[in-house]
1. Regarding segment 115-124, can at least one residue be identified that is surrounded by 15 or more Cβ atoms within 10 Å (Cβ to Cβ), at pLDDT 85 or above, touching a helix residue (DSSP H, G or I) at 6+ places or on another chain (Cβ under 6 Å) and not charged (D, E, K, R)?
2. Name the residues in segment 95-110 that are acidic (Asp, Glu) and either closer than 21 Å to Ala6 by Cβ or not assigned by TED's automatic domain parsing to the domain that holds Glu83 (or both), would you?
3. Just one of Ala113, Ala137, Ala121 is outside the structural domain of Asn42 (by TED's automatic domain parsing), aliphatic (A, V, I, L, M) and more than 30 Å from Glu3 (Cα to Cα); which is it?
4. Is there any pair with a first residue in segment 28-43 that is on the phi > 0 side of the Ramachandran plot and a second that is surrounded by 16 or more Cβ atoms within 10 Å (Cβ to Cβ) and modelled with pLDDT of 80 or more whose Cβ atoms are under 7 Å apart and which are 6 or more apart or on different chains, and what are they?
5. Name the one entry in Arg86, Arg92, Arg129 that is of a type in the set (D, E, K, R), under 24 Å from His39 (Cα atoms), in contact (Cβ under 8 Å) with a residue 12 or more places away in the chain and not assigned by TED's automatic domain parsing to the domain that holds Asn42.
6. Kindly indicate whether Gly139 is assigned to a loop (DSSP other than H, G, I, E, B), farther than 21 Å from Ala46 by Cα and more than 13 Å from the chain's Cα centre (by Cα).
Amino acid sequence: MNEPDARDIAQTGCVAVWQKSGLTEEEALRYGLRVVRNHIVNHYRARKREITVAELPAHSELLFAEDTELKAVTTAEARSAVEILRSVLGPREFDVFVLREVWLLPHAEIAVALGISVSNARGTFSNARAKVERHRADGAFG
């Protein structure tokens with residue numbers, strides 16, 4: 001994230017708190033942090049990552065499959081995996097795991113996006129990955 005984007009997001013949080021009347025100081029702080037965190041996550045979601053053909057995973061042919069039945073199966077499998085992840089991981093673990101494994105963000109950017117320290121992001125990811133591995137070993141992921 002560049003400095004102008006960071007300033008815009010911080011300003012958006014300040015304006016949102018200013019527009020919301022009747023909040024205590026603690027409520028205003030929590031609300032502002034939530035607004036800023038959501039804007040940071042949206043910023044990274046909107047960011048387009050260019051991938052060369054050489055970087056595509058080996059199973060990339062599924063992405064281009066003309067067989068709609070095959071596409072439906074892979075979509076259903078993806079939804080099922082997300083549901084299992086949500087049931088296995090806590091909300092913060094899920095957020096960190098998805099930002100790291102799906103969005104490929106470094107721990108420093110995850111920390112900024114979620115308003116936590118880098119060491120907390122690393123530890124949460126490590127715990128989440130361990131839980132996923134335990135459930136994978138137990139056959140929870142099919």
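1. Looking through segment 115-124, at least one residue is surrounded by 15 or more Cβ atoms within 10 Å (Cβ to Cβ), at pLDDT 85 or above, touching a helix residue (DSSP H, G or I) at 6+ places or on another chain (Cβ under 6 Å) and not charged (D, E, K, R).
2. Asp95, Glu109 - these are the residues of segment 95-110 that are acidic (Asp, Glu) and either closer than 21 Å to Ala6 by Cβ or not assigned by TED's automatic domain parsing to the domain that holds Glu83 (or both).
3. Ala137
4. Close Cβ pairs satisfying both conditions: none exist.
5. Answer to the selection: Arg92.
6. Yes; evaluated as a whole, the condition is true for this residue.
The values are calculated or read from the model by the stated rules, or taken from the named source; none is laboratory data. This one's a predicted model, so the numbers in the text were calculated from it and none came from an experiment. Methodologically, a virtual Cβ is constructed for each residue, glycine included, from the backbone with ideal geometry; neighbour enumeration extends over all protein chains shown.
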